[in-house]
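Q: Below is a structure I'd like to ask you about.
The values are calculated or read from the model by the stated rules, or taken from the named source; none is laboratory data. This is a predicted model, so every value here is computed, not measured. Every residue, glycine among them, receives a Cβ derived from its backbone with ideal geometry; neighbour counts consider all protein chains shown.
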Amino acid sequence: MSEHPSIAFIGGGNMASAIIGGLLRSGRPAASLRVIEPYAPQRERLAQQFGLAALAAPDDSLAGAGLVVWAVKPQLFAEAAAPCRGLVAGALQLSVMAGIPSEALARASGSERVVRAMPNTPALIGQGMAGLYARAAVSAADRQLVEEVLRPTGATLWVEQESQIDAVTALSGSGPAYFFFVVEAMMQAAQELGLSAEQGRQLALATCAGAAALGLQSADSPTQLREKVTSKGGTTHAAISSLQADAVDAAIVRAVRAAEARARELGAEFGR
């Protein structure tokens, strides 16, 4: 990035660490970053991993931040926001918290320039997917800054309605857990069929990674790609038929809808 406005992170957990690591790898100077993290062991980890001196509580230096990244758990938002009020109103606000609505961020920060983001854990290795929503006061330059900050963590996708962020949360934010849930089941099947747990892990993960890469690069839809592997009367057909008989597709849809509903509940509960 050609310019380096100061960035303050409220919370220094895994997602903040993923963004911080990406920024440092992209050439941003560590001196332009500050972290507010009340948990002492986490502050020590940030110092060891990134060479950053995190603060236990906000101080006047927070007022100099051009961008504030909110990265605390939703249930800790009100507690974390209270001491920041009056210090961050001049900054662009970027939230990576699930559920907390942009209106709550605007009230807590004193700024209408609020962007909500929902990244996911592959951001830790630079292969994440983040959905983004911007309030009306966010400028084109603000959007560009958010994209630059998140680019080292993976891809981004803007949505036009804030309610769609809860859907993003349910689909891609929580999605890696669904994927690993399937991998766990595949590993169990591998062991029942005489392979070792490690062999099952390697086969399942490599197969899923390859399938995802093929899906991203192919012009065919996921349905077409599935059908190309599913010969009538073959082994894949037997497996897909079993999944359909168990209504696994409907169960997945219900699971994603449950995650979306919980995201809305978090906003109602902790974003007042």
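Q: Tell me, which residue of segment 119-145 that is part of a helix (DSSP H, G or I) and free of Cβ contacts under 8 Å to residues at least 60 places away in the same chain is surrounded by the most Cβ atoms within 10 Å (Cβ to Cβ)?
A: Step one: list which residues in segment 119-145 are part of a helix (DSSP H, G or I), which gives 121-125, 140-145.
With the extra rule that they be free of Cβ contacts under 8 Å to residues at least 60 places away in the same chain, the set shrinks to 122, 125, 140-144.
Values: Pro122: 18, Ile125: 12, Ala140: 8, Ala141: 9, Asp142: 20, Arg143: 16, Gln144: 11.
Applying the filter and picking the extreme gives Asp142.
Q: Check segment 242-255 and report whether any residue there is closer than 27 Å to Pro122 by Cα, of a type in the set (Asp, Glu) and either surrounded by 12 or more Cβ atoms within 10 Å (Cβ to Cβ) or within 21 Å of the chain's Cα centre (by Cα) (or both).
A: No.
Q: Taking the options Phe180, Phe270, name whichever one is without any contact (Cβ under 8 Å) to a residue 12 or more places away in the chain and within 20 Å of the chain's Cα centre (by Cα). So that I can check it myself, show each step before the final result.
A: Working: Phe270 fails: without any contact (Cβ under 8 Å) to a residue 12 or more places away in the chain.
Sole residue among the options that is without any contact (Cβ under 8 Å) to a residue 12 or more places away in the chain and within 20 Å of the chain's Cα centre (by Cα): Phe180.
Q: Out of everything in segment 147-163 that is among the β-branched types (Val, Ile, Thr) and touching a residue at least 60 places away in the same chain (Cβ under 8 Å), what residue ends up being surrounded by the fewest Cβ atoms within 10 Å (Cβ to Cβ)?
A: Ranking the qualifying residues of segment 147-163, first place goes to Val149.
Q: Tally up the residues in segment 5-24 that are surrounded by fewer than 18 Cβ atoms within 10 Å (Cβ to Cβ) and touching a Gly at 6+ places or on another chain (Cβ under 8 Å), please.
A: Residues meeting the conditions: 2.
Q: I would also like to ask the following. Please indicate, with yes or no, whether at least one residue in segment 84-97 is surrounded by fewer than 17 Cβ atoms within 10 Å (Cβ to Cβ), at pLDDT below 95 and touching a Leu at 6+ places or on another chain (Cβ under 9 Å).
A: no
Q: Looking at segment 164-183, is at least one residue within 25 Å of Ala8 (Cβ to Cβ) and surrounded by fewer than 19 Cβ atoms within 10 Å (Cβ to Cβ)?
A: Looking through segment 164-183, none of the residues is within 25 Å of Ala8 (Cβ to Cβ) and surrounded by fewer than 19 Cβ atoms within 10 Å (Cβ to Cβ).
Q: Please find, within segment 120-142, the residue that is farthest from the chain's Cα centre (by Cα) out of those that are over 18 Å from Ala212 (Cα atoms) and not hydrophobic (A, V, I, L, M, F, W, C).
A: Ser139
Here's the yes/no breakdown for (1) among the hydrophobic types (A, V, I, L, M, F, W, C); (2) over 27 Å from Met129 (Cβ atoms):
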{"site": "Ile20", "(1), (2)": "yes, no"}
{"site": "Pro29", "(1), (2)": "no, yes"}
{"site": "Leu55", "(1), (2)": "yes, yes"}
{"site": "Gly66", "(1), (2)": "no, no"}
{"site": "Val69", "(1), (2)": "yes, no"}
{"site": "Arg85", "(1), (2)": "no, yes"}
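Q: So, in segment 148-197, exactly how many residues are in the same structural domain as Ala123 (by TED's automatic domain parsing) and at positive phi?
A: The total comes to 1.
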